[in-house]
Amino acid sequence: FKAGIADVYIVPDVLSYAIGSGLDIKTDNSAFVVNIGGDTTNIASISNYSIVNGYNIALGGNIINVAIAKYIEESYGIKISPEQAEKVKVEVCSLFDSYTATTTIMGINKNKNEKQELTISASELYPIINHYYSKITDAIVSIIQSSDPEIVSDIAKNGIYVYGGGSAIVGLEKY
């Protein structure tokens, strides 16, 4: 099988994001990138096409979905699917404790074994969301604190680039 490819390189997702987004990583200036994915969160400071400092934590959107489903089952006796938990997270979850959004979902009442509708609010799920995003924040702070002063200065000047499904949560920019 000939594809005409001479060399193949495996590139970490944070590095490919930085390149694809047009971030200036070919110089000594640093870019700080966070990918909040489905199963993991990857954090890295990048300079000269290399990861200078990085960390990967086994925490992503799917873990938050499981926590939401578990909370609903324990609090209301209603089992919901992973897709329903994702719907709740996307539609109402926020990093603002006073956020007032609500959504209605359908699940199975464990006691009656029949469908049941439930309206859930953002403020009710805030402790779950805050718990997981605090862990991500702690990891980010840890990387920044262990970075050279020049990198910290670049982060202060250029900001933090966040991507992945978990970056869409309301309030992340203020968190």
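List of remarks:
- Counting only residues that are over 21 Å from Ala58 (Cβ atoms) and either open to solvent by less than 80 Å² (accessible area, probe 1.4 Å) or touching a residue at least 60 places away in the same chain (Cβ under 8 Å) (or both), the range 149-175 holds 12 of them.
- Residue that is modelled with the lowest pLDDT [pool: residues in the range 47-74 that are of a type in the set (Ser, Thr, Tyr) and within 30 Å of Ile151 (Cα to Cα)]: Tyr49
- Filtered residues of the range 107-120 (kept if open to solvent by 30 Å² or more (accessible area, probe 1.4 Å) and touching a residue at least 24 places away in the same chain (Cβ under 8 Å)): Ile108, Lys110, Asn111, Gln116
- Of all residues assigned to the range 75-89, at least one qualifies as being part of a helix (DSSP H, G or I), of a type outside the set (Phe, Trp, Tyr) and over 19 Å from the mean Cα position of the chain (by Cα).
- Residue that is farthest from Gly60 (Cα to Cα), among those in the range 81-100 that are open to solvent by less than 30 Å² (accessible area, probe 1.4 Å) and in contact (Cβ under 8 Å) with a residue 24 or more places away in the chain: Val92
- Entry remark, the range 110-168: residues being within 30 Å of Ile25 (Cα to Cα) and outside any helix (DSSP H, G or I) number 9 in total.
- Tally of residues being part of a strand (DSSP E or B) and within 16 Å of the chain's Cα centre (by Cα) across the range 90-109: 1
- Residues of the range 1-46 that turn out to be open to solvent by 10 Å² or more (accessible area, probe 1.4 Å), within 19 Å of Lys157 (Cβ to Cβ) and either touching an Asp or Glu at 6+ places or on another chain (Cβ under 6 Å) or of a type in the set (S, T, N, Q) (or both), as a count: 3
- Residue within the range 133-147 that is open to solvent by 40 Å² or more (accessible area, probe 1.4 Å) and closer than 20 Å to Ile72 by Cβ present: no
The values are calculated or read from the model by the stated rules, or taken from the named source; none is laboratory data. No experiment lies behind these values; they were computed from the predicted model shown. Please note: Cβ atoms are built from the backbone with ideal geometry, for glycine as well, and neighbour counts cover all protein chains shown. Only protein heavy atoms, including side chains, enter the accessible area calculation; ligands, DNA and RNA are left aside. Shrake-Rupley method; radii C 1.70, N 1.55, O 1.52, S 1.80 Å.
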